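*Asks:* Got a structure for you, questions after.
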Amino acid sequence: MPRLFLRLLSEATTLPDGEGYALSFEWLIKEGDGSIRSSGHSDYRGLADIADPNIEWLADPENLVVFVPSHFVLAINCGVPGRNSTQMRKALPFAVEEYIASDIELMHIAHGPLKSGHPVACNIISKEIIQNWLDCFESLQIKPGQFILDATLLPTGDEQTSVLFDEQNSNATVVSSAGAATVDLSNLAFALNSVKTSHIVTINGPLSEFERSQLVGEPSIEEVVLSKGGVLNYFAERLNETQAINMLQGDYQPPKATTRGASKWKTVGALAASWATIAFIGIIAQGWWASTEADRLESESYAFYKAAFPTESQPRSLQQIRRRINSKLGQQDGSSGQNTFLALTAHFANVIDTDTQVSSLSYLQQRQELTIEVMLNSYADLDVIKDKLARAGIDVEVVSAEQESQGARSRLRVRYAS
């Protein structure tokens, strides 16, 4: 997939008439196979054509990379106290404060990996400058995924220093393992001599004979010959070879990638979620109505029994009401007794544990009483069973209980409370 690379050459400042920004930059579009589609220099108006938000591949912020010149950024490596990344992140502003002259609150600090006991690479830039760039892009609906300090893409190592000459050849960026700085050409030799170096790599131009004569220690010099696309293409190719810090961190973190396909499914998902919410509300409403109706019928049943039989004790459950009514109506046939046996057996099965052993069952139809012999784990299980059955309107009589090696052997009589 293509990628658009921009190298900022100026700050973004609002035009006097408020119609757009003053901005200068280089741009380059590379295809997925590494070939260059097109490149050039442009301004704010040209950016609107180059980075048209309707281009599908630009919908992914990772396909828009911005390189920031080193004279806008202070790049340092510093020690940060802390035993873990959370503590180090909190201590970071205080650790870098001594390196800057302005208020730390006005600066954005982008950092590399936080490892206790190791120096932390930091890129420090004015919040106003980076916010103006982002506002400029936002005005054109452009969402960059990376802001990279160009100096961090230059090759460095032990006693190796890189020199990047600018387009106007008026100054140069010097990068070593100690950090990066932009210097006038008149001070270039002094800057190179201030760092320990045995190998110098020059990009976008050579050292002059005078500058070579001023070097101390006779370091080897390597000149990088740029291909089509110049410095910007060199940065684009180096991006995959280095672990550069993305300065879009914290408040400036880029949005997640979205595509037209993802947007379509997001709409479908939102619609499905809406229907699911409506269905869920319907189920809740139906459940609430059923619960309310059940409560009303239960209250009416108790009221009816109390009005019909005012001298009798109030039943404790609807099942008790049904049994009393059946008894008064003379419904004590075999079918009713069989139903009682099944109901008592089912209730008892629901309240015992799966490891409870039932030795025998016997049912006396005349008294509608079920006698059960079981082996329980302990006597405490008896109280649990009695409480659970009592809540179902069933009386439990403990005929006998003996402690054996396997547990508590108990003989119980259960019947519906009258």
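*Asks:* Would you tally the residues in region 164-198 being at pLDDT 80 or above, farther than 13 Å from His71 by Cα and either polar (S, T, N, Q) or touching a Cys at 6+ places or on another chain (Cβ under 9 Å) (or both)?
*Replies:* Of the residues in region 164-198, 7 are at pLDDT 80 or above, farther than 13 Å from His71 by Cα and either polar (S, T, N, Q) or touching a Cys at 6+ places or on another chain (Cβ under 9 Å) (or both).
*Asks:* How many of the residues in region 225-244 are under 19 Å from Thr156 (Cβ atoms) and touching a helix residue (DSSP H, G or I) at 6+ places or on another chain (Cβ under 7 Å)? Spell out the reasoning first.
*Replies:* Step one: of region 225-244, the residues under 19 Å from Thr156 (Cβ atoms) are 226, 231, 234-244.
Filter once more, keeping what is touching a helix residue (DSSP H, G or I) at 6+ places or on another chain (Cβ under 7 Å): 226, 235, 238-239, 242, 244.
Total satisfying the criteria: 6.
*Asks:* Considering each residue of region 177-210, count those that are touching a helix residue (DSSP H, G or I) at 6+ places or on another chain (Cβ under 7 Å), under 15 Å from Asp166 (Cβ atoms) and not hydroxyl-bearing (Ser, Thr, Tyr), and give that number. Explain how you work it out, then say what you get.
*Replies:* Residues of region 177-210 touching a helix residue (DSSP H, G or I) at 6+ places or on another chain (Cβ under 7 Å): 180-183, 188-189, 200, 203-204.
Then keep just the ones that are under 15 Å from Asp166 (Cβ atoms); that gives 180-183, 188, 203-204.
Pick out the ones that are also not hydroxyl-bearing (Ser, Thr, Tyr) and you get 180-181, 183, 188, 203-204.
The qualifying residues number 6.
*Asks:* Any idea which residue in region 14-48 is farthest from the chain's Cα centre (by Cα), counting only those that are part of a loop (DSSP other than H, G, I, E, B) and within 18 Å of Asn63 (Cβ to Cβ)? Before the answer, list the steps.
*Replies:* Within region 14-48, the subset part of a loop (DSSP other than H, G, I, E, B) is 15-20, 23, 31-35.
With within 18 Å of Asn63 (Cβ to Cβ) added as a condition, the list becomes 31-35.
Values: Glu31: 31, Gly32: 29, Asp33: 32, Gly34: 33, Ser35: 36 Å.
Ranking the qualifying residues of region 14-48, first place goes to Ser35.
*Asks:* Also, quick follow-up: Only one of these conditions is not met by Arg7: (1) in a strand (DSSP E or B); (2) over 23 Å from Pro255 (Cα atoms); (3) touching a residue at least 60 places away in the same chain (Cβ under 8 Å). Which number is it?
*Replies:* The number of the failed condition is (2).
*Asks:* Which one of the conditions (1) of a type outside the set (S, T, N, Q); (2) in a strand (DSSP E or B); (3) within 24 Å of Gln253 (Cβ to Cβ) does Leu58 fail to meet, given that it meets all the rest?
*Replies:* Checking Leu58 against (1) of a type outside the set (S, T, N, Q); (2) in a strand (DSSP E or B); (3) within 24 Å of Gln253 (Cβ to Cβ), the one that fails is (2).
*Asks:* Can you work out which of the residues in region 338-359 that are touching a strand residue (DSSP E or B) at 6+ places or on another chain (Cβ under 8 Å) and among the β-branched types (Val, Ile, Thr) is surrounded by the most Cβ atoms within 10 Å (Cβ to Cβ)?
*Replies:* Thr340
*Asks:* Could you please let me know if Tyr21 is of a type in the set (Ser, Thr, Tyr) and buried (at least 17 other Cβ atoms within 10 Å of the Cβ)? Can you show your working first?
*Replies:* Values: of a type in the set (Ser, Thr, Tyr): yes; buried (at least 17 other Cβ atoms within 10 Å of the Cβ): yes.
For Tyr21, the condition - of a type in the set (Ser, Thr, Tyr) and buried (at least 17 other Cβ atoms within 10 Å of the Cβ) - is met.
*Asks:* Still on this structure, please answer the following. Any residue at all in region 211-230 that's more than 45 Å from the chain's Cα centre (by Cα), touching a residue at least 12 places away in the same chain (Cβ under 8 Å), in a helix (DSSP H, G or I) and more than 26 Å from Gln146 (Cα to Cα)? Talk me through it step by step, then tell me what you get.
*Replies:* Within region 211-230, the first condition is being more than 45 Å from the chain's Cα centre (by Cα), and the residues that meet it are 211-223.
Of the ones still in play, those that are also touching a residue at least 12 places away in the same chain (Cβ under 8 Å) are 211, 214-217, 219-223.
Of the ones still in play, those that are also in a helix (DSSP H, G or I) are 211, 214.
Then drop every residue that is not more than 26 Å from Gln146 (Cα to Cα), which leaves 211, 214.
There is at least one residue in region 211-230 that is more than 45 Å from the chain's Cα centre (by Cα), touching a residue at least 12 places away in the same chain (Cβ under 8 Å), in a helix (DSSP H, G or I) and more than 26 Å from Gln146 (Cα to Cα).
*Asks:* Let me ask you something else. So, in region 105-119, how many residues would count as being surrounded by fewer than 17 Cβ atoms within 10 Å (Cβ to Cβ), without any contact (Cβ under 8 Å) to a residue 40 or more places away in the chain and under 17 Å from Gly79 (Cβ atoms)? Break it down stepwise before answering.
*Replies:* Going through region 105-119, the residues surrounded by fewer than 17 Cβ atoms within 10 Å (Cβ to Cβ) turn out to be 105-106, 113, 115-119.
When the remaining residues are screened for being without any contact (Cβ under 8 Å) to a residue 40 or more places away in the chain, the result is 105-106, 113, 115-118.
Right, trim to under 17 Å from Gly79 (Cβ atoms) and you get 113, 115-118.
The qualifying residues number 5.
*Asks:* Sticking with this one: Let me spell it out: the conditions are (1) within 30 Å of Cys122 (Cβ to Cβ); (2) at pLDDT below 80; (3) surrounded by fewer than 12 Cβ atoms within 10 Å (Cβ to Cβ), and Ala257 meets all of them except one. Which number is the exception?
*Replies:* In the conditions (1) within 30 Å of Cys122 (Cβ to Cβ); (2) at pLDDT below 80; (3) surrounded by fewer than 12 Cβ atoms within 10 Å (Cβ to Cβ), Ala257 misses (3) alone.
*Asks:* Go through Ala121, Ala181, Ala110 for me and flag whichever is under 25 Å from Ala236 (Cβ atoms) and outside the structural domain of Gly250 (by TED's automatic domain parsing).
*Replies:* Values: Ala121 fails: outside the structural domain of Gly250 (by TED's automatic domain parsing); Ala110 fails: outside the structural domain of Gly250 (by TED's automatic domain parsing).
The unique qualifying residue is Ala181.
The values are calculated or read from the model by the stated rules, or taken from the named source; none is laboratory data. Quick caveat: nothing in here was measured; it's all calculated off a predicted structure. Backbone-built Cβ (ideal geometry, glycine too); neighbour counts: all protein chains shown.
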